[in-house]
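The numbers here are math on the coordinates, done by the rules we state, and not lab data. Every value quoted in this text rests on a predicted model; they were computed, and no experiment measured them. Cβ placement follows ideal geometry from the backbone for every residue including glycine, while neighbour counts extend to all protein chains displayed.
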Amino acid sequence: HDYRRASALALKGFHATQLPQLRAEACYQLARCAHAQADYESAFAYYYQSTKAWPEYALAQYGLGQMFVYKGETDKAISALAKVLDSHPDTYNVLLMLGNLYQRKDRARAERMLDRCVALRTNHWLAYASR
């Protein structure tokens, strides 16, 4: 993995355009590089910048949600991940994360999310174990 090169190319792409969606994609790629290298503060900053440039960008919202989970900010994680479900309602990993986050706040909602996970992947042990 050549994260340094990938980051340099993404940064070059960011500066080469004014289009919000392309800037969001560049920030997302920078975030992924930082995330993969366990640089969570930089990853958070780039995911956040990506979602500000393009709020509907589900991949960036998912990454931002992961960073909020890492930071222990459950309500913000739920908010970011719920935005992903708005456009991608059957995303197993998002449903599973939200189901686990809601277990601390809203047991009924958590069960609905986890039941949906089981319906999507009947043979996946993690959805069963989380219930």
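Please report Rg over Rh for region 1-62, where both radii come from the alpha carbon positions and Rh follows the Kirkwood definition. Before the final figure, lay out the partial values.
Working: Rg = 10.6 Å, Rh = 11.1 Å.
Checking Rg against Rh, the ratio lands at 0.95.
Along each principal axis of its Cα atoms, how long is the chain end to end? Whole angstroms, biggest number first, please.
Principal-axis extents of the Cα atoms in the chain, largest first: 47, 27, 26 Å.
Which whole-Hz couplings ³J(HN,Hα) result when phi for each residue of region 41-57 is put into the Karplus expression 6.51 cos²θ - 1.76 cosθ + 1.60, θ = phi - 60°, listed in order with x for Gly and Pro?
5, 5, 4, 4, 4, 6, 4, 4, 4, 5, 6, 6, 6, 8, x, 7, 6
Is it possible to state the helix-based mean residue ellipticity at 222 nm for the chain, with each DSSP H run of 4+ residues giving -39500 (n - 2.57), the sum divided by total residues, to the nearest 500 deg cm²/dmol? What is it?
Value at 222 nm, helices only, nearest 500: -25000 deg cm²/dmol.
Can you give the Rg/Rh ratio of region 56-131, where Rg is from the C-alpha atoms and Rh is the Kirkwood radius? Numbers along the way, then the final one.
Details: Rg = 11.5 Å, Rh = 12.1 Å.
Ratio of gyration radius to Kirkwood radius: 0.95.
So, by mean Cβ neighbours within 10 angstrom, what's the order for 32-39, 50-57 with the highest one leading? Provide the component values of the computation, followed by the final result.
Working: 32-39: 16.9, 50-57: 19.2.
Top of the packing list down: 50-57, 32-39.
Taking just the alpha carbons, could you work out the radius of gyration and Dmax for region 33-99, both in angstroms?
Here Rg and the maximum Cα pair distance are 11.0, 29 Å.
Please pull out the direction-averaged projected area of region 73-113, using the convex hull of its alpha-carbon atoms, in nm² to one decimal place.
Value for region 73-113: 2.5 nm².
Quick one: which residues, 5+ away or cross-chain, put their amide H under 5 Å from the amide H of Gln37? H built at 1.01 Å from N.
Amide H to amide H, under 5 Å and 5 or more residues apart or across chains, Gln37 pairs with nothing.
Per-residue HN-Hα couplings for region 21-38, Karplus 6.51 cos²θ - 1.76 cosθ + 1.60 at θ = phi - 60°, whole Hz, x for Gly and Pro?
5, 6, 5, 4, 5, 4, 5, 4, 5, 4, 4, 4, 4, 5, 4, 5, 9, 6
Testing the spin-label approximation: label points 7 Å from Cα along Cα→Cβ at Arg5 and Tyr40. State their distance in nm.
Using points 7 Å along Cα→Cβ, the separation is 3.0 nm.
Between Arg107 and Lys12, 0.36 nm times their residue separation minus their Cα-Cα distance comes to what? If you can, show how the numbers build up before the last one.
Details: separation 95, 0.36 × 95 = 34.20 nm, distance 4.56 nm.
Once the chain is fully extended between Arg107 and Lys12, it gains 29.6 nm.
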